[in-house]
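Participant: Dumping the structure here so I can ask a few things about it.
The values are calculated or read from the model by the stated rules, or taken from the named source; none is laboratory data. Model, not experiment: these values are computed from the prediction. For neighbour counting, all protein chains shown are included, and Cβ atoms are generated from backbone atoms with ideal geometry for every residue, glycine included.
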Amino acid sequence: RKEVEQDPGPFNVPEGATVAFNCTYSNSASQSFFWYRQDCRKEPKLLMSVYSSGNEDGRFTAQLNRASQYISLLIRDSKLSDSATYLCVVNPNFGNEKLTFGTGTRLTIIP
Amino acid sequence: DVKVTQSSRYLVKRTGEKVFLECVQDMDHENMFWYRQDPGLGLRLIYFSYDVKMKEKGDIPEGYSVSREKKERFSLILESASTNQTSMYLCASLGGLRTDTQYFGPGTRLTVL
């Protein structure tokens with residue numbers, strides 16, 4: 001089983017719709033969770049950190065479910081500029097800054 | 001704003017050549033990382049360094065070495081490039097004990113012929 005698993009997509013979603021991605025992780029002791037965004041031919045950039053029960057930033061909401069070992073990302077009122085690959089990232093070890101990346105979920109917002 | 005730069009955006013080398021990829025960060029970060037990114041495999045950690053002259057192997061160190069002589073600079077070395085090392089190489093830096101964010105450079109797309 002992969003340490004971090006994501007549905008690769010692609011998700012093709014009309015502009016204005018709500019879209020949600022899930023990501024599962026295998027190490028129950030994992031401490032920190034993140035969503036990164038990667039545009040085509042660009043480097044990954046942090047979108048959101050996910051702590052305890054989750055957090056919200058504008059149209060983006062991230063949720064953590066420790067019991068089921070998954071995190072989710074919800075995007076409301078999607079914009080064309082949301083088209084990107086979304087990487088689920090887990091820090092499996094407290095105090096160790098190594099990160100484990102999922103392979104990413106590709107999202108395309110359709111006009 | 002943190003800036004991470006990489007020496008080349010695109011590089012083409014021949015099998016057997018020695019290849020140097022350089023990464024520089026301007027935020028005095030202790031931790032630096034080298035990844036490669038391949039379709040369907042995501043980002044995989046090659047090596048990382050948590051201080052000058054300190055290095056640790058990541059998940060796929062075979063065929064690579066690294067050098068960290070100065071805090072701001074972390075170099076990835078391919079001693080004898082092979083075609084299966086054709087990939088996108090991404091450098092990242094991270095600072096502070098509990099800082100969460102890894103800042104990435106723009107990447108180097110390396111093609112080995």
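Participant: Would you confirm whether or not the range A:70-87 contains a residue that is within 11 Å of chain B (Cβ to nearest Cβ), closer than 27 Å to B:Y35 by Cα and in contact with a strand residue (DSSP E or B) (Cβ under 8 Å, 6 or more places away or on another chain)?
Facilitator: Applying the first criterion (within 11 Å of chain B (Cβ to nearest Cβ)) to the range A:70-87 yields A:85, A:87.
From what's left, closer than 27 Å to B:Y35 by Cα: A:85, A:87.
Then keep just the ones that are in contact with a strand residue (DSSP E or B) (Cβ under 8 Å, 6 or more places away or on another chain); that gives A:85, A:87.
Yes, that holds for at least one residue.
Participant: Return a yes/no flag: does the range B:51-69 have any residue that is surrounded by 18 or more Cβ atoms within 10 Å (Cβ to Cβ) and within 12 Å of chain A (Cβ to nearest Cβ). Even if it seems obvious, please write down each step before you answer.
Facilitator: Step one: filter the range B:51-69 for residues surrounded by 18 or more Cβ atoms within 10 Å (Cβ to Cβ), giving B:55, B:58, B:64, B:66, B:68.
Those still in the list that are within 12 Å of chain A (Cβ to nearest Cβ) too: B:58.
Yes, that holds for at least one residue.
Per-residue answers, yes or no, for (1) at negative phi; (2) touching a residue at least 12 places away in the same chain (Cβ under 8 Å):
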{"residue": "A:P8", "(1), (2)": "yes, yes"}
{"residue": "A:E15", "(1), (2)": "yes, yes"}
{"residue": "A:S32", "(1), (2)": "yes, yes"}
{"residue": "A:E43", "(1), (2)": "yes, no"}
{"residue": "A:L64", "(1), (2)": "yes, yes"}
{"residue": "A:Q69", "(1), (2)": "no, yes"}
{"residue": "A:E97", "(1), (2)": "yes, no"}
{"residue": "A:G104", "(1), (2)": "no, yes"}
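Participant: Sticking with this structure for a sec: Among the candidates B:S8, B:S87, B:S93, B:S49, single out the residue that is hydroxyl-bearing (S, T, Y) and over 21 Å from A:T100 (Cβ atoms).
Facilitator: Criteria check complete, one pass: B:S8.
Participant: Of all residues in the range A:1-14, which are surrounded by 13 or more Cβ atoms within 10 Å (Cβ to Cβ) and modelled with pLDDT of 95 or more?
Facilitator: Of the range A:1-14, the ones surrounded by 13 or more Cβ atoms within 10 Å (Cβ to Cβ) are A:3-9, A:11, A:13.
Passing the criteria: only A:V13.
Participant: Looking only at residues that are among the polar types (S, T, N, Q) and loosely packed, with under 15 Cβ neighbours inside 10 Å in the range A:17-51, which one is modelled with the highest pLDDT? Break it down into steps so the answer makes sense when it comes.
Facilitator: Filtering the range A:17-51 down to residues among the polar types (S, T, N, Q) leaves A:18, A:22, A:24, A:26-28, A:30-32, A:38, A:49.
This time we only want the ones that are loosely packed, with under 15 Cβ neighbours inside 10 Å, so: A:18, A:26-28, A:31.
Details: A:T18: 97, A:S26: 93, A:N27: 89, A:S28: 89, A:Q31: 82.
Only one residue fits best here, namely A:T18.
Participant: Return the only residue of B:G40, B:G16 being away from every other protein chain (no Cβ under 12 Å), surrounded by fewer than 20 Cβ atoms within 10 Å (Cβ to Cβ) and farther than 19 Å from B:Q102 by Cα.
Facilitator: Going through B:G40, B:G16 in turn, just one is away from every other protein chain (no Cβ under 12 Å), surrounded by fewer than 20 Cβ atoms within 10 Å (Cβ to Cβ) and farther than 19 Å from B:Q102 by Cα: B:G16.
Participant: When B:Y89 is evaluated against the numbered criteria (1) more than 20 Å from B:D26 (Cβ to Cβ); (2) more than 9 Å from chain A (Cβ to nearest Cβ), which criterion, by number, is the only one it fails?
Facilitator: (1)
Participant: Is it the case that the range A:45-68 has a residue that's away from chain B (no Cβ under 14 Å), over 18 Å from B:L90 (Cβ atoms), in contact with a Phe, Trp or Tyr (Cβ under 7 Å, 6 or more places away or on another chain) and among the aromatic types (F, W, Y)?
Facilitator: no
Participant: Consider A:S72 against the criteria (1) under 12 Å from the mean Cα position of the chain (by Cα); (2) surrounded by 19 or more Cβ atoms within 10 Å (Cβ to Cβ); (3) among the small types (G, A, S): it satisfies all of them except one. Which criterion is unmet?
Facilitator: It is condition (2) that A:S72 fails.
Participant: Residue check: is A:L87 buried (at least 21 other Cβ atoms within 10 Å of the Cβ) and modelled with pLDDT of 95 or more?
Facilitator: Details: buried (at least 21 other Cβ atoms within 10 Å of the Cβ): yes; modelled with pLDDT of 95 or more: yes.
Yes: the conditions hold for A:L87.
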